1. May I have the pair-distance distribution P(r) for region 290-436, computed from all Cα-Cα distances with 10 Å bins from 0 and rounded to whole percent?
2. Report, to the nearest 10°, how far helix 3-15 tilts away from the longest principal axis of the Cα atoms in the chain, using its own Cα long axis and a range of 0 to 90°.
3. Give the calculated FRET efficiency between LEU376 and THR299 to the nearest 0.05, with a Förster radius of 25 Å applied to their Cβ-Cβ distance.
4. What is the gain in length, in nm to one decimal, between ALA387 and HIS330 on full extension, counting 0.36 nm per residue of separation less the C-alpha to C-alpha distance?
5. Need the full-extension length gain, ASP166 to ASP18, defined as separation in residues times 0.36 nm minus the C-alpha distance. One decimal, nm.
6. Report the Stokes-Einstein translational diffusion coefficient (µm² s⁻¹, integer) for the chain, Rh taken as the Kirkwood radius over Cα pairs, at 20 °C with viscosity 1.002 mPa s.
7. Based on DSSP loop calls and a cut-off of at most 14 other Cβ atoms within 10 Å, the longest stretch of the chain free of exposed GluC sites (Glu not before Pro) is what?
8. Assuming 0.36 nm per residue, please report the length gained on full extension of the stretch ALA103 to GLN346 beyond their Cα-Cα distance.
Amino acid sequence: MNPLIRAPMASFADLLLDAICMVDADGRFVFVSAACERIFGYAQREMIGMVMLDLVAPADRQRTLDAARAIMDGHAQTHFENRYIRKDGSLVHIMWSARWSEADQLRVAVARDITVLKQARQKQAALYAISEAAHASEDLATLFRHIHQILGELLPAAGLYMTLLDQHGQPEEFASRADEQQTAPPCDLARLLADEVLSTGQPLRLGPGTGTGPGNGHEHWLAVPLTTARRTLGALLLHGGSDAGSYTEQDQELLQFVAKQIATVIERKQLHAHMQFMAMHDELTGLPNRRLFHDRLQTAFARAQRKQERLSLLFLDLNGFKRVNDEHGHARGDLLLQAVAKRLKQCLRESDTLARLGGDEFVVLLENNAQGSDVLLVEQKIHAALALGFALDNGLCLRTTASIGCAHYPEHGASTQQLLRHADQAMYAAKAKLAGLSGSGEVRHRRGTQTAGADADPG
């Protein structure tokens, strides 16, 4: 370059917002304009003599080197994008236009900081991807796997961990690693970091020189809370892996943005799942309601017909329940129904269905080729369980019995309607028989050490 014009050109270059750089054949900076300090964080005098490739983010070095070779071979580059590590350790996205000066043996380039633009694009892409994942995921486990893929395209994510709090504040954990197809169990450090994020409500970065949370400081972690406008749902953690550099403040800001979108999706899915559950379950006891019971009965009946197997129904009606409401109030009646439902579930297998049809009426569906002796055993267990009595509030203890009617397929009907009718009639026959017996009382109550009896009430 003509020395007579070098100084004026350098002065003009310093006025530009974009950076002008000149790199020799060895890859070292020989000239940088003043804008480089704003973009890279180094003073002009510091950058002179530095190897350009040393400032490039490790993941981008090979393709940057390939581009530099192409430029030196006479192939000018325009709109080439890569990432650099600033003096403060943060990441900056750069768009280059460069060509080779054969006369000067220099690569001459103009660099523009596009970090803000890239972050905006990343957020937009993340929003779209999360929205797509929400529609494509039927459950939270599937959504979690999609989230890992999305985050892996934005940030180093060798491992992803998520802790969600259920309605009782208990954690539900999800974990995966990029090198495994199977779900990976959360490590102790992940749980420790999640607990800290949940307790403080603040994000944290863990790594050499950045760690403010627990751990040995040798691993790279980024953890943020999953929050919506209403509440904190849990925590989201990224594990960068052994080959990744430390997470930056920009990475943290990006993950916080993404986490808010993820939290909104999760809350929406949880609300939808809750509404579905409430539509198919009894609000008081949490048992399947009449609608869900009939759905399961239809499915079980079709399966029994196809496999030529047996199934049975037990209709239960609590004896004297009306007196409980009359003497102790509906609130305690509800407590008794909840306690009865819990006790009945303990008498059944996981494969059996216990439903509340309404009031004090319950029904049990026994599948898996249940034999008559199996049904009789269940009936005996139910009577024995109810005879133990139920301790409610303020020292009140109630005892109740149940009238039970049974129906078996195929003996008692070739359709679900016939089975239901037979079980219902058998239950009322049992109740009528009880009504004809002595009035020893099917519902008893005790407060403290005093016991009072109630006359038999088939209602």
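1. Bin by bin from 0 Å, the calculated values are 11, 41, 33, 12, 2, 0.
2. 30
3. Working: r = 25 Å, r/R0 = 1.00.
Given R0 = 25 Å and the Cβ-Cβ separation, E is 0.50.
4. On the way: separation 57, 0.36 × 57 = 20.52 nm, distance 2.15 nm.
Net length gain for the segment: 18.4 nm.
5. Values: separation 148, 0.36 × 148 = 53.28 nm, distance 5.09 nm.
Additional length available on full extension: 48.2 nm.
6. 76
7. 181-282
8. Working: separation 243, 0.36 × 243 = 87.48 nm, distance 8.91 nm.
Result for the pair: 78.6 nm of gain on full extension.
The values are calculated or read from the model by the stated rules, or taken from the named source; none is laboratory data. What you see is a predicted model, and the numbers here were worked out from it, not measured in a lab. As a convention, Cβ positions derive from the backbone with ideal geometry for all residues, glycine included, and neighbour counts pool all protein chains shown. Side chains included, ligands, DNA and RNA excluded: accessible areas come from the protein's heavy atoms. Shrake-Rupley method; radii C 1.70, N 1.55, O 1.52, S 1.80 Å.
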